[in-house]
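Before any comments, here is the structure.
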Amino acid sequence: MIKLIIDNLRVEVPPGTRVIDAAEQAGIMIPRFCYHPALGAVGACRVCAVQVLEGSCRGIRMSCMIEAEEGMVISTTDEEAVAFRRQVIEWLMANHPHDCPVCDEGGQCLLQDMTVSGGHGRRRLPVKKRTHIDQHLGPLVVHEMNRCIQCYRCVRFYREYAGYTDLGVMGSAGRVYFGRRSDGVLESPFAGNLIDVCPTGVFTDRPSRFKGRYWDFERTPSVCIHCSLGCRVTVNTRYREVVRVEAAHDPQVNGWFICDRGRYGFPYASSPQRPRSARIDGRKSGVDEALDEAARRLSGIAQRHGSGSVALAASGRVCLETLGALTRFGSEKGWRGPFFRAGPRTAEALQSASKNLEEKISISLKDIEKSDFILLVGCDPVNEAPMLALSVRQARRRGAVVALADARSVQLPLDARRLALRPSQLTAALMRFAGKAVADGGAALSDRARGFLQACRDSRVDPAVDEQIDHLGLAARESRRPVVVCGTSAVAPDTPAAAANVARLLAAEGRKAGFFPVLPGANALALGLAGRTADHGAALREALEKGDVRALVVVETNLSELGFSADDPLLENLEALVVCDCLDSAAGRAARVFIPTQTVFEAGGTFVSAEARVREARPAFRGGTPVAQVSGGGHPPRTFSPDIPGADPLPAWQVLAALAREGTRVSADTLRKALPAPLCGAAPGKRLALPASAPDAFQPPEDPATAADGGLEVVVCEHIFGSEPLSRRAACLQELESAPRLGLHPGDAAALQLSAGQRVAVDCGRGVIEGEIEIVNEMARGVLLVPRLRGIDWHAAADGPLVVAVADIRSVKPNGES
Amino acid sequence: MLPENLKKELQDRIAAVDHPRELVVDVLFALQAHYGFVTDEAVEEAAGLLGMTPMEVDEVATFYTFVYRRPVGKYVIHVCDSVICWLEGGRSLQEYLSQKLSIAPGETTADGLFTLLPVCCIGYCDRAPAMLINKKVYGPLTPETIDQLLDELREAH
């Protein structure tokens, strides 16, 4: 450790610490514009000047550019340093407009703070300010270039950190311009971070414009639930409405940033379509009445047909408390379920990912940034877990090798080695890779590990790709911190387990190897750990067909995720369909009894992220219809009543307790404790106590190579915008959705005599998927890509990847005729 | 569209160097010579030739004073506005040029002959006040020499 003195305080910091950071640790916040911990120092803005009194570089220095030295003495209050900083502010203000009262950054502006605290108030420069023409940058970010102070944070984030190229800096000297070559939507799905990194108001938030000032908002620490990473966010609310979501700093997970899905996915919570009152048989009712009625019907059905005739359905968006309620009341009442995922394949993939996460190989996003070899298997980071893409990019920037084995043409903001493989080939490919990546069996390996290694060495994929896989394996031999990242939707059911085993094998060799699963939904890991593999959508369908299940309770779940279509005839056969949700859905409209639930912003909740970190969202406001909707956009109503309009929704776990006739006064803590280990010990902010070793570690897959010949493997692809059930309701993100098209390899399209733009109908057994063909060059052969987007009935392939025969694909005319 | 022979010539030059992007300024000058100025299309063509993104090329193109991203006249007058020329009365020369040509700095005359662009130090302080016209240096300048020069250029046209 290095000892130095800053403003007469003794500070101890690790070697390599910058003076600006050392001061911050001591509680001294040196002004800064261009310096950002994630973006590094460039010394561009000159506002972090300090006086170095003792040290190798005495005099006025930029504290972001010098490292702490032993015995250094620094003064931030030195007269010369203060005068220097005041001068810098004055010249930065030379061109900055005095529009603070109408600027959306006002109150949240670093330049405003620095100008006021630096004491600059009188303009001495008798010339006109330079002005720029602003650009339209899309539905999320507003551009106002006149406010720019040339700190370069925006391009450093956008280009260097995030890896997108359409924003840049043009011109020179007094003409420097940050923007695109021409007006247009920013291409990066991380563009919202420009708003957070810009120290002035050049980039501001468009959706929250004119909805209030920074000081009007109530700010609540929360967690993003739009994917399985659990990024930390700050929720801003005003007048019973979520107005804005910002990134909150979490050094282990998201760092300083979040993706645009996480930032702009919230409008579902205040949607005018959001159901706010209970309904019984289509008639509006009070929530208590509906709960009573639902509980009465469920117990009646249980009495007539046995308690197993009531089933529960859940998805990765339920919180830990609701999952606890599902588990506890389900088992107390003898109800079936909770059923989750679409069928045996997706259920097994989720469970093999969840149950293989063990202490030694579990890693965080931060660990991924530090790894030197990353193998992404069946996972599309930008679309499935966006911030993972940024972590992988940081590793790549530090020189890591990144390889991608996937059926899709996965787009990453970095260069990666690609292996286009069908889902059914991934397990064998992973094993073959491991067989090459591990140099020799060595004495360090246990018998089981050696057995797995042997199976790896015997693994064959396809003569055409074996050589590429071998090259990759050899490239991984030297790595010290290899990581295997594995998804669950475009893989074979046993791929996640194989990925974990490969990481285990690399770790057993003495390396710091890691396994990182990418899961479907914010709480999917918990669902995978708590649920039973056999309780999946296809099993539910079978039980419904047989008449074993007469009543279904759907809790915060889209039935499409369980493989049901909106108007599935099986649902009509139910004696009772009880839906508890905060979203307006087809199932909700069809429900005999509907009970509105609160969103994460009102109820709060605990979620377990894919890296087994327990994340807590605190309630941000008490609920109720947004004032703007009650008042029709005008002045808040002048009539007064003791209750909040539209505040009927309850937390889902309370709804479940009421349905089980346990009363709604159940505590969230006891519900979490009802879950199986390790979930019952979940403490917010900590990681789950994972098992030291999974029970079936190093179990080779039963039949590793099962290539499907003569058919196409159908993969349902998640998109960053338009797939996830909550964020797809955000109007500002709907503008950014891709067109829904079915992807085919050029070779397959030629063999099937299909061309781009042609409409086809694909019979998936339980349903027909219809859409336009798109030719995708970089994807695997023998695969059909189905986007999970509006306009495509993807649920028929939800339990993917399933195989369709060529005969099941026929071309159709736009009007639906064959 | 770039003519095939120019495209081929540039491709050959690019193929001969280790790092294609080091030729970005040369390529931009070649395209400027062909189109008269660097058009949006030219930026994209340069990017394609050099394996860079159009944004990266535009960052270079907009940085340099002698790469023109907007149409210019037949004669581009770069009048020095740096300190030595300023001491020698360069400011009044710029004003004289503006008045004589009836254009403000950055503008082109209606007949498309002259574009007036102030430039930061051209390195001819010994001949201050100085200016460049189509890369040829003139100075020390007086209103009379400017009149004479402009007349000669008009006649040559």
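Please treat every number below as a calculation from the coordinates, not as lab data. These numbers were taken from a predicted model, which means no experiment stands behind them. As a convention, Cβ positions derive from the backbone with ideal geometry for all residues, glycine included, and neighbour counts pool all protein chains shown.
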May I ask for the longest run of chain A untouched by GluC sites (Glu not before Pro) that are loop-located per DSSP and have at most 13 neighbouring C-beta atoms (other than their own) within 10 Å?
A:71-477
Among the GluC sites (Glu not before Pro) in the range B:1-107, which ones are in a DSSP loop with at most 16 other Cβ atoms within 10 Å of the Cβ? Mind listing them?
B:E107
Debye log10 I(q)/I(0) at q = 0.18, 0.21, 0.23 Å⁻¹ for the range A:152-259, Cα point scatterers
-0.99, -1.21, -1.33
How are the alpha carbon pair distances in the range A:2-92 distributed across 10 Å bins from zero to the largest one, expressed in percent?
19, 55, 25, 2
Where a label projected 7 Å from the Cα of A:S811 along Cα→Cβ would reach, residues of the range A:753-779 with amide N under 15 Å
A:753-762, A:771-775
Can you work out the base-10 log of I(q)/I(0) for the range A:661-752 at q = 0.12, 0.15, 0.16, 0.23 1/Å, using the Debye formula on its C-alpha atoms alone?
-0.92, -1.01, -1.00, -1.09
Along its principal axes, what span do the Cα atoms of the range A:281-382 show, with the longest given first and each in whole Å?
59, 29, 23
Across chain B: Cys residues that no other cysteine approaches within a C-beta distance under 4.7 Å:
B:C120, B:C121, B:C125
Dimensions (Å) - the range A:462-620, Cα atoms, principal axes, largest first
61, 44, 22
Based on the alpha-carbon gyration tensor of chain B, what equivalent-ellipsoid semi-axes (square roots of 5 times the eigenvalues) come out, in whole Å, largest first?
33, 17, 13
Relative contact order (%) - criterion: Cα under 8 Å, at least six apart; region: chain B:
18
Using 7 Å Cα-to-Cβ label points, what is the B:K136/A:R480 separation (nm, one decimal)?
6.5
Please compute the Kirkwood hydrodynamic radius over the range B:4-63, one decimal place, Å, based on all pairs of different Cα atoms.
11.2
Per residue convex hull volume, Cα atoms of the range A:514-571, in Å³:
105
Counting each DSSP H run of 4 or more residues in chain A as -39500 (n - 2.57), what helix-only mean residue ellipticity at 222 nm follows after dividing by all residues, to the nearest 500 deg cm²/dmol?
-7500 deg cm²/dmol
Rg (Å, one decimal) plus Dmax (Å, integer) for the alpha carbons of the range B:75-156?
11.5, 33
Working only with C-alpha atoms, what are the Rg and Dmax values of the range A:348-519, expressed in angstrom?
14.2, 41
Would you please report the Å³ per residue occupied by the convex hull of the alpha carbon atoms in the range A:712-812?
94
Counting only DSSP loop positions in the range A:581-677, the chymotrypsin sites (Phe, Trp or Tyr not before Pro) whose Cβ has at most 12 other Cβ atoms within 10 Å are A:F640
So if we plug the beta-carbon distance of A:A534 and A:T639 into 1/(1 + (r/R0)^6) with R0 = 41 Å, what FRET efficiency do we get, rounded to 0.05?
0.15
Find the Rg to Rh ratio for the range A:134-209, where Rh is the Kirkwood radius over alpha-carbon pairs and Rg uses the same atoms.
0.91
Contact order relative to length of the range B:75-156, as percent, for alpha carbon pairs under 8 angstrom and 6 or more apart:
37
What share of all Cα pairs of the range A:447-518, in percent, falls into each consecutive 5 Å distance bin?
4, 14, 21, 27, 25, 8, 1
Using only the alpha-carbon atoms, what does the range A:428-478 span along each of its principal axes? Please give whole angstrom values in decreasing order.
33, 22, 11
Taking the inverse of the average 1/r across all pairs of different Cα atoms in the protein assembly as shown, what Kirkwood radius in Å do you get?
31.7
Give a quick list of trypsin sites (Lys or Arg not before Pro) in the range A:360-399 that DSSP marks as loop, anything other than H, G, I, E or B, with at most 11 other Cβ atoms within 10 Å.
A:R398
Count charges around A:A439 for me, please; just the other residues with Cβ under 14 Å from its Cβ, Lys/Arg as +1, Asp/Glu as -1.
+2
In degrees, nearest 10, range 0 to 90: what is the angle between the Cα axis of helix A:447-457 and the longest Cα principal axis of chain A?
90
Dividing the Cα convex hull volume of the range A:176-231 by residue count, how many Å³ per residue is that?
143
Histogram of C-alpha separations across the range A:615-672, 5 Å bin width, %:
4, 14, 18, 19, 16, 11, 10, 7, 2
Label model pair A:S182, B:A110: point-to-point distance (7 angstrom along the Cα→beta-carbon line) in nm is 3.0
